[in-house]
Amino acid sequence: MSAPLSADRFLGALRAEGLTVVEIGGWRTHNRNHKGPWGPVHGVMLHHTVTHGTAYTVQLCRDGHADLPGPLCHGVITKDGRVHLVGNGRANHAGAGDSDVLAAVIAERRLPPDHSSDTDGNRHFYGFECENLGDGQDPWPAAQLDAMARASAALCRAHGWTARSVIGHLEWRPGKIDPKGFTMASMRTRVEERLK
């Protein structure tokens, strides 16, 4: 069981992994904690945004929209590999997902198929939204993929987790396809290499 990192430790972990971090005003106290508990945390979840353009993407992920208030993640990883921090605490990113998947993440074993949506993922996962149209055609620049691996590795290192604690939204919730354009197996390999 892991308590969530404080804002300072979260920021420090990312910077220690060599990331360029952009702090978006008020991120340290911007959260959805009034809607439910934040923690214990068990892993890192990656998403694609279905957006284009850094300024718009960061603003959307910070503020959300009428149907889904922000923050929509903890950090936005843009095409240039920068991590924009938009929230600290519970965020609207994971939604309900499969309890068997959560059990596998906690045990750090191979993930089962996601068949149900019976568990609150916003409570248990750090979330990174990654700027991409999500159509399978929009490229993932090397700098962005590297930043995604570094950000994931930073949190794994801070909590003593392995790369098996890094999952995609598509592995958590039935019907989700993100992130699209690379495999989560390849991303976990990148994370594992960083953790060596």
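Count, please, the residues in segment 159-178 that happen to be open to solvent by 40 Å² or more (accessible area, probe 1.4 Å), assigned to a helix (DSSP H, G or I) and among the hydrophobic types (A, V, I, L, M, F, W, C).
1
Can you tell me which residue within segment 63-76, out of those that are outside any loop (DSSP other than H, G, I, E, B) and either under 14 Å from the mean Cα position of the chain (by Cα) or among the hydroxyl-bearing types (Ser, Thr, Tyr) (or both), is surrounded by the fewest Cβ atoms within 10 Å (Cβ to Cβ)?
By that ranking, first place goes to Val76.
Looking only at residues that are under 19 Å from Leu5 (Cβ atoms) and more than 15 Å from the chain's Cα centre (by Cα) in segment 77-110, which one is surrounded by the most Cβ atoms within 10 Å (Cβ to Cβ)?
Ile106
To keep it simple, each residue is scored yes or no on (1) in contact with a His (Cβ under 7 Å, 6 or more places away or on another chain); (2) assigned to a helix (DSSP H, G or I); (3) polar (S, T, N, Q).
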residue	(1), (2), (3)
Leu11	no, yes, no
Leu14	no, yes, no
Asn31	no, no, yes
His34	no, yes, no
Pro37	no, no, no
His47	yes, no, no
Val50	no, no, no
Ala55	no, yes, no
Val58	yes, yes, no
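Could we say that Arg15 is open to solvent by 30 Å² or more (accessible area, probe 1.4 Å), over 22 Å from Val166 (Cα atoms), modelled with pLDDT of 95 or more and not small (Gly, Ala, Ser) here?
So Arg15 does not fit the description; no.
The values are calculated or read from the model by the stated rules, or taken from the named source; none is laboratory data. The model shown is predicted, which means the values in this text are computed figures rather than measured ones. So basically every Cβ, Gly included, is an ideal-geometry build from the backbone, and we count neighbours across all protein chains shown. Each accessible area value is taken on the protein alone, full model and side chains, heavy atoms only, with ligands, DNA and RNA left out. Shrake-Rupley method; radii C 1.70, N 1.55, O 1.52, S 1.80 Å.
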